[in-house]
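Engineer: Handing you a structure now.
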Amino acid sequence: MSDKIDQKRREFVSVAGLAAAATVVAPGVFLQATAEAEPRSEAVTGKVRYGMLIDTNKCVDGCTDCVTACERENGLDLLKMPEGADPEEWDRQRPRWIRKVKVKDRLTGKVTTLPMMCQHCEFPPCQDVCPTGASFRRADGIVMVDRHICIGCRYCMMACPYKARSFIHEDIDEKLTVAPRGKGCVESCNLCVHRRDNGETTTACQEACKEGAILFGDLNDPNSEISQALRQQNNTELRADLKLNTGVRYRGI
Amino acid sequence: MQDMFRFGTRLLVAATALLLVQTASAAQGSRSVIEGSKAYGLDSCVEPTPLMRKKHYAFLKHDRDITVHQGIRTVKHSLAGCVDCHAAKDDTGKYVPVTDEGQFCQSCHEYAGVELPCFSCHSATPTQATKAGD
């Protein structure tokens, strides 16, 4: 096994280690336990609803650590600009699961910066408009695309109020085993579904944020860190007027 | 080739015999698993070999939906699993794509006239150690 894998495990351990520090006897003992995170053997259920809370007060203008980590985790950094393409157009259209967005309050002039990704709606407009059933919401709240069924019509991209979806325009040479993708399909943030199904507790973006602005967890578990945080302080649903009951919530806007 | 397969499904004994002949001719050897792959060091596939020859695509499609929609990752017939076990390493220790000329999935499909759309999206080499602890 390569050093890289071990390194990754170790990083994961250090994050999980914070929560479980009290029970750790020695670093080695805990490492062993974490390495045994089990792949899921039973179907996901609605007992769990995954979501995120993003504290925009902590989000730093100009920082793109979450975007970079997301792209690395999900193989988006392996996409290359097609030869002869217009760099501006490429930048506008290249697949992205997270975008850094700035919002400005017209009255006060206050500028807020935040990561924008699939909001994992309870009532996803992308699913409503999908003619094939490729856009779907998994029982545990993850909204995603079954690319075996996607025909690339892109209705979902137009229906999404958050501009969270991307289209793969070109054939792709290099891909990761955990993140297959190919020309002609739509995709978006899936809350690192391969991590979910492997019993890991974080997303790549959460791990990457040095400010701790991103909190991932189970919205249905009243004792989870995210549920407690949501109860403690005000949070906002983006475009709450649409009544989509988003699984991603924001603080400070 | 298709006819051979259809005929084979009628008589199990005949089918096995036919397929054995076919594979032997396709892979110029008694075993079609590729030297340098994990499969090369193992005795059997995830199902008995005659069944794999006949049904692997049906297994794959069945388990694909279970994984993608229900999140179950312990299925027997995972595409990542086939690639992990059947992809061979070359002399320099680098994985050769299973879709390359003469490699496990390619050589038989070439012979049978099958074109796979799968690897336009799926990686044809293992890009990470599977978490099974190997």
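The values are calculated or read from the model by the stated rules, or taken from the named source; none is laboratory data. As the structure is a prediction and not an experimental result, all values here were calculated from the model. We place every Cβ from the backbone using ideal geometry, glycine too, and count neighbours over all the protein chains shown. The area values use the complete protein model at the heavy-atom level, side chains included, leaving out ligands, DNA and RNA. Shrake-Rupley method; radii C 1.70, N 1.55, O 1.52, S 1.80 Å.
Engineer: Can you list the helices (runs of 4 or more DSSP H) found entirely within the stretch B:28-134 that contain at least 2 residues being in contact with a strand residue (DSSP E or B) (Cβ under 9 Å, 6 or more places away or on another chain) and either closer than 26 Å to A:Arg196 by Cα or within 14 Å of chain A (Cβ to nearest Cβ) (or both)? Give the steps one after another, and end with the answer.
Structural biologist: Working: elements: B:49-70, B:79-86, B:104-112.
By residue number, B:49-70, B:79-86.
So that you can scan it fast, the table gives a plain yes or no per residue for (1) under 15 Å from A:Ile54 (Cβ atoms); (2) more than 17 Å from the chain's Cα centre (by Cα); (3) touching a residue at least 12 places away in the same chain (Cβ under 8 Å):
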residue	(1), (2), (3)
A:Lys183	no, yes, yes
A:Arg196	no, no, yes
A:Thr203	yes, no, yes
A:Glu207	yes, no, yes
A:Asn234	yes, yes, yes
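Engineer: Working carefully through the options A:Arg106, A:Arg96, A:Arg138, A:Arg92, find the one that is of a type outside the set (A, V, I, L, M, F, W, C) and within 14 Å of chain B (Cβ to nearest Cβ).
Structural biologist: Values: A:Arg106 fails: within 14 Å of chain B (Cβ to nearest Cβ); A:Arg96 fails: within 14 Å of chain B (Cβ to nearest Cβ); A:Arg92 fails: within 14 Å of chain B (Cβ to nearest Cβ).
On inspection, the qualifying residue turns out to be A:Arg138.
Engineer: To continue, here is another question. Name, by its number, the condition in (1) on the phi > 0 side of the Ramachandran plot; (2) open to solvent by less than 50 Å² (accessible area, probe 1.4 Å) that does not hold for A:Gly84.
Structural biologist: (2)
Engineer: Taking A:Asn223 and the conditions (1) over 21 Å from A:Lys58 (Cα atoms); (2) away from chain B (no Cβ under 14 Å); (3) surrounded by 21 or more Cβ atoms within 10 Å (Cβ to Cβ), which numbered condition does it fall short on, given that it satisfies the others?
Structural biologist: (3) is the only condition that A:Asn223 fails.
Engineer: Inspect the stretch A:148-161 for any residue being assigned by TED's automatic domain parsing to the domain that holds A:Pro82, within 18 Å of the chain's Cα centre (by Cα) and hydroxyl-bearing (Ser, Thr, Tyr) and give the result as yes or no. Write out each step before concluding.
Structural biologist: Applying the first criterion (assigned by TED's automatic domain parsing to the domain that holds A:Pro82) to the stretch A:148-161 yields A:148-161.
Checking the rest, the ones that are also within 18 Å of the chain's Cα centre (by Cα) come to A:156-157, A:160-161.
Of the ones still in play, those that are also hydroxyl-bearing (Ser, Thr, Tyr) are none.
The answer is no; no qualifying residue exists.
Engineer: Could you please give the count of residues in the stretch A:152-171 that are within 13 Å of chain B (Cβ to nearest Cβ) and either without any contact (Cβ under 8 Å) to a residue 24 or more places away in the chain or open to solvent by 20 Å² or more (accessible area, probe 1.4 Å) (or both)?
Structural biologist: So in the stretch A:152-171, the residues within 13 Å of chain B (Cβ to nearest Cβ) come out as A:152, A:168, A:170-171.
After this cut, where a residue has to be either without any contact (Cβ under 8 Å) to a residue 24 or more places away in the chain or open to solvent by 20 Å² or more (accessible area, probe 1.4 Å) (or both) as well, the list is A:170-171.
Residues flagged as within 13 Å of chain B (Cβ to nearest Cβ) and either without any contact (Cβ under 8 Å) to a residue 24 or more places away in the chain or open to solvent by 20 Å² or more (accessible area, probe 1.4 Å) (or both) within the stretch A:152-171 amount to 2.
Engineer: Give the number of residues within the stretch A:175-196 that are at the interface with chain B (Cβ under 8 Å from one of its Cβ atoms), of a type outside the set (Ser, Thr, Tyr) and either closer than 15 Å to A:Arg137 by Cα or open to solvent by 20 Å² or more (accessible area, probe 1.4 Å) (or both). So that I can check it myself, show each step before the final result.
Structural biologist: Within the stretch A:175-196, the first condition is being at the interface with chain B (Cβ under 8 Å from one of its Cβ atoms), and the residues that meet it are A:175-178, A:180-183, A:185, A:193, A:196.
Filter once more, so that each one left must be of a type outside the set (Ser, Thr, Tyr): A:175-176, A:178, A:180-183, A:185, A:193, A:196.
Narrowing further to those that are either closer than 15 Å to A:Arg137 by Cα or open to solvent by 20 Å² or more (accessible area, probe 1.4 Å) (or both): A:175-176, A:178, A:180, A:183, A:193, A:196.
Here the count works out to 7.
Engineer: Hand me the list of helices (runs of 4 or more DSSP H) wholly inside the stretch A:2-87 holding 2 or more residues that are modelled with pLDDT under 75 and of a type outside the set (S, T, N, Q). It would help to see each step written out before you state the result.
Structural biologist: Working: elements: A:3-20, A:27-35, A:65-73.
Result: A:3-20, A:27-35.
Engineer: Scanning for something without any contact (Cβ under 8 Å) to a residue 40 or more places away in the chain, open to solvent by 20 Å² or more (accessible area, probe 1.4 Å) and either closer than 28 Å to B:Cys82 by Cα or within 17 Å of the chain's Cα centre (by Cα) (or both), does the stretch A:103-122 turn up at least one residue? Don't jump to the end; show me each part of the working.
Structural biologist: The first filter runs over the stretch A:103-122 and keeps only residues without any contact (Cβ under 8 Å) to a residue 40 or more places away in the chain, leaving A:104-110.
If we keep only those that are open to solvent by 20 Å² or more (accessible area, probe 1.4 Å) too, we end up with A:104-110.
Next, from what is left, pick out any that are either closer than 28 Å to B:Cys82 by Cα or within 17 Å of the chain's Cα centre (by Cα) (or both): none.
No, the conditions are met nowhere in the stretch A:103-122.
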